[in-house]
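Note sheet for the following structure.
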Amino acid sequence: MPEVMRVSEVVALLMPMFREMLHDDELASLRLEVVPRDHPDEPPLEPDDLVESNCAAMRWWILGERGWSGGFDVREGPVAMVRAVQSDLQDFIAESGFGWGELRGPTDLP
């Protein structure tokens, strides 16, 4: 796995997991951004910007509620990146107004 990815590649890698975990109405409302990890309230990075390990995070809005992931560790590979964001998304869903207490899949991503 390369040590650097483009923002567009990170989003493409993570979208199948979001599609799998969110219900149709939640998915329709989904807005994703990749932001600097240490400054998550800053403007999002551009699709062609480069993401190095632990320098960026995913910020999302689902049904008007905002959440975010921890930093991406590109060096760990795609499966580890997806699973890390999946864990953060699961925590967000379980604490959200729309999915309070729910445990969602997938439980085994490729």
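The values are calculated or read from the model by the stated rules, or taken from the named source; none is laboratory data. All figures in this text were calculated on a predicted structure; none of them were measured in a lab. Heads up, the Cβs are rebuilt from the backbone with ideal geometry, glycines too, and the neighbour counts pull from every protein chain shown. Surface areas here come from the heavy atoms of the whole protein model, side chains and all, with no ligands, DNA or RNA. Shrake-Rupley method; radii C 1.70, N 1.55, O 1.52, S 1.80 Å.
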The chain, Gaussian network, Cα under 10 Å: of Val34, Val51, Val11, the residue fluctuating most is Val11
In the neighbourhood of Phe98 defined by beta carbon distances under 15 Å, the net charge of the other residues (Lys, Arg +1; Asp, Glu -1) is -4
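Please report the relative contact order for the chain, taking Cα pairs under 8 Å with a sequence separation of at least 6, and give it as a percent rounded to a whole number. Walk me through the numbers before you get to the answer.
Details: 171 pairs, mean separation 30.2, N = 110.
Dividing the mean separation by the residue count of the chain yields 27 percent.
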Using only Cα atoms, tell me the angle between helix 7-21 and the longest principal axis of the chain; keep it within 0 to 90° and round to the nearest 10.
20 degrees
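If you keep only loop residues by DSSP, which trypsin sites (Lys or Arg not before Pro) in region 50-110 have at most 16 other Cβ atoms within 10 Å of their Cβ?
Arg104
Assuming a ≥ b ≥ c are the square roots of the Cα gyration tensor eigenvalues, decide whether region 1-44 counts as rounded (a/c under 1.5), prolate (otherwise, with a/b larger than b/c) or oblate. The partial results should precede the final answer.
On the way: a/c = 2.98, a/b = 1.37, b/c = 2.17.
Oblate, because a/c is 1.5 or more while a/b does not exceed b/c.
Around Ser29, under 13 Å between beta carbons, what's the net of Lys plus Arg minus Asp minus Glu among the other residues? List each step's numbers first, then the result.
On the way: positive: Arg31, Arg66; negative: Asp24, Asp25, Glu26, Glu65.
Residues close to Ser29 contribute a combined charge of -2.
Starting from region 1-53, pick out the GluC sites (Glu not before Pro) whose DSSP state is loop and whose Cβ has at most 14 other Cβ atoms within 10 Å. Display every interim value, and only then the final one.
On the way: sites: Glu3, Glu9, Glu20, Glu26, Glu33, Glu52; in loops: Glu3.
Qualifying residues, ordered by number: Glu3.
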For region 7-60, give the percent of accessible area contributed by carbon and sulfur heavy atoms, probe 1.4 Å, rounded to a whole number.
47 percent
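Counting Lys and Arg as +1 and Asp and Glu as -1, what is the net charge of the other residues whose Cβ lies under 14 Å from the Cβ of Glu9?
Values: positive: Arg6; negative: Glu3, Glu46, Asp48, Asp49, Glu52.
Here the charged neighbours net out to -4.
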I'm spelling it out carefully: the read-out is semi-axes √(5λ) of the Cα gyration tensor in Å, the candidates are (1) 33, 14, 13; (2) 22, 16, 12; (3) 31, 16, 11, and one was derived from this structure. Which label?
(2)
Ignoring everything but the protein chains, give the 1.4 Å probe accessible area of Asp25 in square angstrom, nearest 10.
90 Å²
Solvent-accessible area per residue for the chain (1.4 angstrom probe, square angstrom)
55 Å²
